[in-house]
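These notes concern the structure reproduced below.
The values are calculated or read from the model by the stated rules, or taken from the named source; none is laboratory data. Here the structure is a predicted model, which is why all the values come from computation and not from measurement. FYI the Cβ positions are ideal-geometry reconstructions off the backbone, even for glycines, and counts take in every protein chain you see. All accessible areas refer to the heavy atoms of the entire protein, side chains included, with ligands and DNA or RNA removed. Shrake-Rupley method; radii C 1.70, N 1.55, O 1.52, S 1.80 Å.
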Amino acid sequence: MATAETMAYCSSVLQIFIENVRRVREMRQYSYLDLARISGYNRQYLAALEAGKKDLQLGTAVKIARALNVPFSKLFSRAFDGEEVESEVGFTDDDFLLVFSTKVRRYLAAQGKEEIHIYMETGVDPATVNRILNRKIANPRIFSLIKIAAGVGKDVSDLFTRAERGSEES
């Protein structure tokens, strides 16, 4: 079952995303209205999202990263420094759910675990884990993805990033 520690971790990763979005938005001198126009979401929704009052889904997070022209996984990274935004390549379209599910399965196999272990460690319903990893849920909740990442002991930002050629994954 989900422990208080897992729930606190998930909340902290969501807070990191929110803070990174706010940081980039302010660096670019975008108002909520500017970001709303670029992202296709309304101003009130974006303000509520930044205030932590709205649920976040993968598709929404991707659209916001695209609108801000920031590498998607960077928005979930504790190490992300808004100053590096100007030097970054910017947003690159990818099938982030495919990358995520492939890496989760790889880490489960390396640990000798099965999907049910994610449920036992995080409380994410086994059917939901299976549907996410088999990409039957096209737009999963970010909170569920963060819990799954915690279940394999990895940062969600790492699970959204394709490995560089020649690099080793741990």
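General observations
- Being of a type in the set (Val, Ile, Thr) and either surrounded by fewer than 16 Cβ atoms within 10 Å (Cβ to Cβ) or modelled with pLDDT of 90 or more (or both) is a property that does not hold for residue 85.
- Scan of segment 106-117 for residues that are of a type in the set (Phe, Trp, Tyr) and open to solvent by 70 Å² or more (accessible area, probe 1.4 Å), ordered by number: none
- Residue match in segment 9-18 (condition: out of contact with any Lys or Arg (no Cβ under 8 Å at 6 or more places or on another chain), more than 18 Å from residue 158 (Cα to Cα) and open to solvent by 20 Å² or more (accessible area, probe 1.4 Å)): no
- Residue count, segment 24-37 (criterion: surrounded by 17 or more Cβ atoms within 10 Å (Cβ to Cβ) and in a helix (DSSP H, G or I)): 5
- Matching residues, segment 49-80, being among the aliphatic types (A, V, I, L, M) and either touching a Ser or Thr at 6+ places or on another chain (Cβ under 6 Å) or loosely packed, with under 15 Cβ neighbours inside 10 Å (or both): 51, 64, 67, 79
- Any hit, segment 118-138, residues being assigned to a loop (DSSP other than H, G, I, E, B), open to solvent by less than 60 Å² (accessible area, probe 1.4 Å), at pLDDT below 90 and closer than 24 Å to residue 4 by Cα: yes
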